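See below for the structure under consideration.
Every number in this text was worked out from the coordinates using simple rules, so none of it is lab data. Nothing here was measured: the structure is a model prediction, and the numbers come from that model. Here the Cβ is made from the backbone with ideal geometry for all residues, glycine too, and neighbour counts use every protein chain on show.
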């Protein structure tokens with residue numbers, strides 16, 4: 001099994017909130033939270049990757 005395949009299998013074992021918590025700690029990552037029933041607009045100057053995690 002290739003190293004990349006082993007990494008992917010390991011990552012699948014983590015819960016979404018665990019992955020998000022780790023990403024929050026990384027340089028260049030900014031977290032914005034919307035509370036239940038709160039509407040929020042997000043504006044970015046790219047390049048950027050936007051992930052919407054509903055958990």
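Laid out as a table, the results:
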quantity: Most mobile listed residue (13, 25, 39) in the chain, GNM with C-alpha springs under 10 Å; calculated: 39
quantity: Rounded tilt (10° steps) of 3-12 against the dominant C-alpha axis of the chain; calculated: 50
quantity: Label-point separation in nm, residue 35 to residue 9, each point 7 Å along Cα→Cβ; calculated: 4.4
quantity: Residue 23-residue 50 pseudo-label distance in nm [points 7 Å out on the Cα-to-Cβ vector]; calculated: 1.4
